[in-house]
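As structure tokens, the structure follows; a few thoughts come after it.
The values are calculated or read from the model by the stated rules, or taken from the named source; none is laboratory data. Values in this document were obtained by computation on a predicted structure and should not be read as measured data. Here the Cβ positions follow ideal geometry from the backbone for every residue, glycine too, while neighbour counts run over all protein chains shown.
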Amino acid sequence: MKKTFYVSTPIYYPSGKLHIGHTYTSTLADVMARYKKENFYDVFFLTGSDEHGQKIEQKAKEQNKSPKEYVDEIVLTFKDLWEKLDIKYDRFIRTTDEDHIKAVQKIFSFLLEKDLIFLSDYKGKYCISCEEFLTFEQMDKDFVHNVCKNTAIDFQEETYMLRVSKFQKYLQDLFKTDFLEPESRKNEMLNSFINTGLEDLSVTRVSFKWGIPVLENDKHIIYVWIDALSNYITALGYGSDNTSLLEKFWAKDSEILQIVGKEITRFHSIYWPIILNSLNLKTPDKLLSHGWIISGGNKMSKSLGNVIDPIELLKKYSSDAVRFYIINNLPTDKDGEWTEELFIESFNINLANNIGNLLSRVSNMIIKYFDGLLPKKEVAKNNYLVKIGEETIVNYKKFMDKYDMSSAIKEVLKLSQECNKFIEDTKPWALEKENKLDELNEVLTILQKNIIIISYLLKPILTKSFSSMIEQMGLKHQEINFDSIEKNNFNYKKIIDKLVLFERIKN
Ligand code: MSP
């Protein structure tokens, strides 16, 4: 039976257009989904939109639209962005989807019946912008939320609460595993929320209407987080008549990866495992909580007004270039800067100078010295570059399997540098002058083989350029996968065109 892999992004709020921070998470997920497919996994990749809540209700009112009219328009811009960035998901779930609404009501009723949800009076501080109840650690003395810099409001009303406190021991045990990464985030959750004693969570509201009604008490709207978190299973058919996807992808032996930004780690590492545990479903294998894209020292966010519009960026640069920067330059365990200067610099150094140059030098030499087609040649197994090529595949896989995409890509870039150095060392032009054609053929065959490796390992990232890259090495419509790449007995065709890939960006 095929192995299965399930990967999700957060479902984004349609309270405005998406910015480069959102594309970060989606690109990570997309690259992982594509990598797993190359490894013969059956993959399900989920993304979507989180459409309920007070903030959306307010935004719609400002524009004189019904909430549904308002979100329908914004969701189109989400889908357009994912298409332009070549993000290929299997389902785009909207929390206004009929099947999701029904399933969320079922989940709520089930938890209520098990007495894991109870009616109470709650008093606390609430951040409308983040749809989050805040603890004192999350605010300054004037109650300004340290993430979005909005002032939290006083909140007191009748609400249903989730008995989070009952799960103290369960969470302490869960946090002994490596379910949440990186380690720093794990410690933060333990220190700020778990070890200080877990508090019950308000999960319904009566002060606004735009949300899923509680069946048992329609004065109450199911508050965004139970609604939102449930999307990961309702998208697979939880609570519907057809649960085949759920049985396949949320199964014990299915690999489940959830990727989120650090500000919503609390919901995904504390409340979500509690809900899953209550429903008798497994906890995801990994919650990868990445850092922020910052700009001028602050998180890039709509409410701070320091955002970069990815659509504008994609008018100027290719999706491959944007995807490359995200994966290569923004390691998930830290915050990362996004500036156009850094973006251009990284493109020019890595894609134009290192890889692009290598590709065009080698294909030009194959055309010039062998009329576009190298005679078949067994290369020496002990050649150091052949060995480095093979090791690169192993190291790349090792990092990718740990979801460390940024380190994986560094291995590929190193191989490309080695190839460029190999050209300088072996001097193919001199071999040609001395008429050492057999040796020349061997050098170019080794380079060609390694460029195929480089291109293939970059395939999940450079989705648009991949076929041109291998075409430039004489491969067209060939099945390349992790098995065939090691054997490398491809059917090469004559290289005719001199393609220019990754042309330097002038700044
Ligand atoms: N709707 C909730 C998520 C519910 S998931 C069950 C939400 N939506 S959001 O629109 O605010 O998107 C948050 C996500 O966008 C973050 O978790 C992160 O994945 C991404 N990012 C938004 N701004 C970001 C940066 N500046 N940097 C990196 N990622 C950020 O929260």
> So which of LEU162, LEU180, LEU174, LEU215 ends up being among the aliphatic types (A, V, I, L, M) and more than 26 Å from TYR12 (Cα to Cα)?
Replying inline: LEU174
> Within the range 6-31, how many residues turn out to be more than 7 Å from the ligand (Cβ to nearest atom), within 19 Å of LEU236 (Cα to Cα) and of a type in the set (A, V, I, L, M)?
Replying inline: 2
>> Cβ-Cβ distance below 7 Å, separation of 6 or more or different chains: which pairs start in the range 259-272 with a residue that is touching a residue at least 12 places away in the same chain (Cβ under 8 Å) and end on one that is aliphatic (A, V, I, L, M) and within 8 Å of the ligand (Cβ to nearest atom)?
In response: PHE267/LEU229; HIS268/VAL260; TYR271/LEU229; TRP272/LEU229
> Listed residues GLU98, GLU83, GLU73, GLU69; which is surrounded by fewer than 18 Cβ atoms within 10 Å (Cβ to Cβ), among the charged types (D, E, K, R), more than 23 Å from the chain's Cα centre (by Cα) and closer than 30 Å to TYR317 by Cα?
Replying inline: GLU73
> Of these, TRP210, TRP225, which one is more than 30 Å from THR4 (Cβ to Cβ) and not small (Gly, Ala, Ser)?
Replying inline: TRP210
> How many residues are of a type in the set (S, T, N, Q), more than 10 Å from the ligand (Cβ to nearest atom) and within 15 Å of ILE11 (Cα to Cα) if we restrict to the range 253-298?
Replying inline: 0
>> I want to confirm something. Restricting to the range 149-176 and keeping residues that are surrounded by 18 or more Cβ atoms within 10 Å (Cβ to Cβ) and aromatic (Phe, Trp, Tyr), which single residue is nearest to the chain's Cα centre (by Cα)?
In response: PHE175
>> Please determine whether any residue of the range 63-71 is of a type in the set (Lys, Arg), within 30 Å of ALA321 (Cα to Cα) and not in a loop (DSSP other than H, G, I, E, B).
In response: no
>> Give all pairs with beta carbons closer than 6 Å in which a residue from the range 108-123 that is within 28 Å of PHE136 (Cα to Cα) and assigned by TED's automatic domain parsing to the domain that holds TYR238 meets a residue that is hydroxyl-bearing (Ser, Thr, Tyr) and part of a strand (DSSP E or B); count only pairs at least 6 apart in sequence or on separate chains.
In response: ILE117/TYR160; LEU119/TYR160; TYR122/THR159; TYR122/SER202
> What helices (runs of 4 or more DSSP H) completely inside the range 425-507 contain at least 2 residues that are surrounded by fewer than 13 Cβ atoms within 10 Å (Cβ to Cβ)?
Replying inline: 428-433, 482-487
> Can you tell me which of PHE78, PHE92 is assigned to a helix (DSSP H, G or I), closer than 30 Å to PHE466 by Cα, touching a strand residue (DSSP E or B) at 6+ places or on another chain (Cβ under 8 Å) and touching a residue at least 40 places away in the same chain (Cβ under 8 Å)?
Replying inline: PHE78
